[in-house]
Amino acid sequence: MSRTIVNDRLQWATYSFMGLVVLAAYSQASVQVFRRGSVLAQATKSKKFVQTVVDIARRGRILCADGRALAQDDDSYVLQIDFAKVPHSEGFFADLAAATGTPASEFRELALQGKGNVVWHTPLSQDQSNKVREAKTKWRANGLDIHHSGNRVYVLAESAAGLVGQVKEDKPLSGMELSQNAALSGKDGKTVGLVDRTGAFLPMRLDKADSLPKTDGVDVTTTIDFDLQEAASQALRKSVDAHHAEQGVAIVMDPKTGDILAMANWPSFDPSSEDGKGVKMSRTSDKNPATQAILEPGSTFKLLTLAKALDKGVVKTTDHFRCNGSETVGKKTFKCDKGEHHGDMLMADAIAKSCNVTASKWSRMIGRTDFIQYIENLGLLEKPGLGLPYENHGRFNFNDPAQELQLALAGFGQAINVTPASVASAFCMLGNDGKLMFPRLIAKMGTREFPPEMAMQVVKPQSADTVLKCMEAVMDSPEGTGHNLRIPGYRIAGKTGTAQVIRAGESGGHVSNFVGFLPAQNPRALILVMVDHPTVGGYYGADVAGPVFKDIAKAVIRRYGIAPTEPLNEGVPTDVAALMLGGRASGEKTPAKSKGPVALHRHHGATRA
Amino acid sequence: MKSTTRSVYDPFIIALACAATLIGLLFIFDAGYARALRDGKGIIPREFIVQLLTLPIALFAGWRAARVKPEKWLKISTLLWVISLVALVLCKLPVIGVEMNGAHRWIRFPFFSLQPAEFVKLTSVLYLGGVLATRKAWPSKITPRKNFAHWMDTICVPKFERALPLVWVTVAILLIEIEPDLGTAAVVAATAAVMLFVGGVSWKSLGACLALGILGGGLLVMKQPYRIQRFRDHGDRWSADNADDSTYQTVQSEVAMSSGGIVGVGLGNGRAKHVEPATTTDFIMATIAEETGLLGSWLVLAVMGGLSLRILFVAKGVKDKFRRLVLVGVAAWFGVQACVNMMMANAFVPPIGIPMPFISSGGSSLIALWLAVGLCQAMLIPASVKGEVFAISDHRWRNRRPHLSGARGRAALR
């Protein structure tokens, strides 16, 4: 070979090499300058540049007063494996088996079958999930995903569903879950930064400015008593089912504090069932009628009328009232129930016999201005303010042209619409020496406490006490509408009510009510029961709502271990008897209570009912 | 005759190699510290320590190599070649060879291990240089074929003998390829191709080599189709499946380089070091380009390209064929490796494991590279007898005038 050829070829090699260098320089410039924007855009799009991971805040629990949970997240995790994207290695399956407790052979078989995504619904514990994550990192198993199941557990299920509500797929739908969502949900955290191949964040390359720590939701502690809530729901269910009623509400409150101890409604639904509609039985199932329904309170309202009348001094315990079975006010005539003529009777009898005519007299004696002031003071026209969603407020037509008639009707609980919760709260005043407490459902949110708060002294203690005794008479008097609902050994104050309701497009029906205190003296609990549209087996308060009251009252006795104070099957306590006799020395009508010395022996004869 | 050899004949080559080595040390530390910290092994990466410990050995090896005269190199080139072939086989043996990540690339020694393939790059240059320089020209006139035996004697056997060295080189390439180390095999093949070309092999033979190369490559691809898949994945490297898997490194490197832009994100601020698996070796350019921008990457290219061009430049002035071919071989090796590494890191070509010479970490590689630098100096040792010295200084960097210094130079001129 001649030297020229060699030199020529060397020259060519040199030129080629220069070309290669230029190509390299160009390709470098292409990535770093010309295509820079598109590469970065693509990187951002495919999450290869910076990744944002949302750290889901834990939802707070809804608790009973005693700390038992009504609703809480279960601490479980769900495993998901895409077998196309995990190593098909014995070691990996073995690690996975050790972490999850599922046999390795199961993973191996699924892998051999070439399965796509497989989800394990058996929830894993926190500890197990950490081990799975370790295995994922160790084996670079990109197809393995483990996430919080986010299942919400409702301990009382349908027994408290109307109150507690429901969260479905992280969306609050009803109840406290909805109204207290802001506190319960907390704030999701966010981690922004570079991730390595396994998706783990690089601690040195976290974007501190954009990252947020998560704030867990706070626990909401209610005043609800777990046992009473369950008992109230069961009792109500029994009655609503038996009487084919449209719906029912039962509220148990502590008159001293205004605490809601139970708030049950039926029909209800199972909040944790798959479709969330489980046992929903009617259009009202997922509503909470205690705060959302507005109803005429009916006969039970006479108690409040009487309290004010006594307080104002327009009615005295010894006053007699005359009932002709009907009364005409203005152009309209209203009747007592069944058009019964109650004749001449004492104040306590008027309550026991639930005389509409007499109650209408009381309200007119109070006077319109005072009466309106009174129902406003009681908070009947306001929202209950319990922290529940869609709370309703009571209605009273201030512009009714027939003012006198309206007042007369209002005296026995018609021509006025209230929510069950607010009327229950108003009744509580009677058992608390006339002191009205604001109703309270939420006792604590996180560490913030909401102590019981008094609204005002609505009536004098004596007036409230007298009404309470009249309510005892309802139970004790053989003619009283609550006579059959007595619980031996206990003094109980109660009042039935049967309101007629007329709704647009419906032929009408009844709301069967019962309100009562247990025990009658120094009461521990107020129980309000309202059953709407019972269609089978009567509709009277004593028949429909009464048994619910009795069941709940028994539950209250069990729950608080209240000892009986009265001899079994003994007569009416003297103080009540005195009231029933209107101050007469002894009564022929109620022979049992005339035994003077009995009162002394009562405590000795006490046994648990 | 007194031995009058020096160690430095072309300071340019040395200076550029030094510059590249220093850049390498800086970025091996820079690219490696993140992982070292993450693994809880302190801030100093292991690769950096190895590189630092190997550097004196490499420099010493280079200095020694520079002092060995070309004639001596020519004499031992075949021996070195045989040794390196044996070493390649030893890698595969169970006790002597080291297996790492399924690859058999290392030979175990007490306290350290070596990667023979890196040295094959050097010995193949020497071997091919020797073969091509010493072979006799094919007789221009061959007596016409009389019979089969005559044809065998005059054409077939001599032809085969001439081609035999190429067979050995092919064997070496295949041995490296099945380690597997496609990148090193490709560098050896490319270097050999350049040497054959510059060495004056006829177009006909070059064509035959090319055809055989394509055929062999095709066979390899048919045998292992995943190689084709690699090319396909590269084109589709941003798809969700690939970006986390087969093309992860390329994608991350591309992102890092792009975010670097023209001036870079600043030394130490890069992200590639956190995410790249081969952050101090094959993909060290990702960190360099990201942190120092296009300017920094071009500087690296300028240093490495300058080094290769400088060697090619001095090669032109060398008359002796062996010396010239060795210089060309070394230049091709450095240059091809540097350019392909850069284009691989910036996703211009699919990833084949080729490190950046002098800059990527790797003990065996550094020793082989500095041996090559020394070899280049040795190839410039004057032939020591009369007049030959002028041949060397034909294209010396000072005004194309004879550049001689000291007593030896003057003695030579006398």
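Span-like helix check, chain B: qualifying full DSSP H segments, with Cα axial length of 15 Å or more and mean Kyte-Doolittle of 0.5 or more, are B:11-38, B:46-66, B:70-90, B:116-134, B:157-177, B:182-198, B:203-223, B:284-316, B:321-345, B:363-379. Note on region B:11-381: dipole from Cβ charges, positive end direction compared against B:L25, B:L325, B:F358; the farthest Cα belongs to B:L325. Could you tell me which residue out of B:V251, B:H234, B:H150 lies farthest along the dipole of chain B toward its positive end? Charges go on the beta carbon: Lys and Arg +1, Asp and Glu -1, centred on the Cα centre. Looking along the dipole axis, the top candidate is B:H150.
Shielding by partners for peptide B:252-263, expressed as the average number of C-beta atoms from other protein chains within 10 Å of each residue's C-beta, is 6. Going by neighbour counts of Cβ atoms within 10 Å, the residues B:R232, A:R486 line up, fewest first, as B:R232, A:R486. Coupling constants for region A:228-239 follow from the phi torsions by the Karplus curve (6.51 cos²θ - 1.76 cosθ + 1.60, θ = phi - 60°), and in residue order they are 5, 4, 5, 5, 4, 5, 5, 4, 5, 4, 4, 6 Hz; glycine and proline get x.
Each peptide in A:399-408, A:347-356, A:208-217, B:177-186 receives the mean, over its residues, of other Cβ atoms within 10 Å, and ordering these scores from highest gives A:347-356, B:177-186, A:399-408, A:208-217. Computed from backbone phi, the HN-Hα couplings of region A:183-191 come to 6, 5, 6, x, 10, 5, x, 9, 10 Hz, rounded to whole numbers (Karplus: 6.51 cos²θ - 1.76 cosθ + 1.60, θ = phi - 60°; Gly and Pro given as x). Per residue of chain B, what 222 nm ellipticity follows from adding -39500 (n - 2.57) for every DSSP H run with n ≥ 4, rounded to the nearest 500? Rounded to the nearest 500, it is -22000 deg cm²/dmol.
Amide H contacts under 5 Å for A:L70: A:I62, A:L63, A:C64, restricted to partners 5 or more places along the chain or on a different chain, H placed in the peptide plane at 1.01 Å from N. For region B:194-323, what class follows from the C-alpha gyration tensor (a ≥ b ≥ c being the square roots of its eigenvalues): rounded when a/c is under 1.5, otherwise prolate if a/b is larger than b/c, else oblate? Oblate, since a/c reaches 1.5 and b/c is not below a/b. In chain A, the longest principal axis of the Cα atoms and the axis of helix A:90-100 are about 20 degrees apart. Relative to the longest principal axis of the Cα atoms of chain A, the long axis of helix A:126-139 makes an angle of roughly 10 degrees. Compared with the alpha-carbon gap, the fully stretched path from B:L53 to B:K204 is longer by 49.6 nm at 0.36 nm per residue.
Counting every other Cβ atom within 10 Å of each residue's Cβ, A:L20, A:L306 order from fewest to most as A:L20, A:L306.
Assuming R0 = 30 Å, what is the FRET efficiency of A:I372 and A:K460, from their Cβ-Cβ distance, to the nearest 0.05? Efficiency, rounded to the nearest 0.05: 0.95.
Across peptide B:238-245, the average count of Cβ atoms from other chains found within 10 Å of a residue's Cβ is 4. For chain B, the square roots of the Cα gyration tensor eigenvalues, ordered a ≥ b ≥ c, give a/c of at least 1.5 with a/b no greater than b/c, which places it in the oblate category. Using C-alpha pairs under 8 Å with a sequence gap of at least 6, the mean separation divided by the residue count of chain B gives a relative contact order of 27 percent. By the count of neighbouring beta-carbon atoms within 10 Å, fewest first, B:L114, B:L132 end up ordered B:L114, B:L132. Note on A:35-44: average number of Cβ atoms from other chains within 10 Å of each residue's Cβ is 5.
Read the figures in this text as sums done on the coordinates, not as results from a lab. Fair warning: this is a prediction, and the values are worked out from it, not measured in the lab. When we count neighbours, we look across all protein chains shown, and the Cβ atoms used for this are built from the backbone with ideal geometry, even at glycine.
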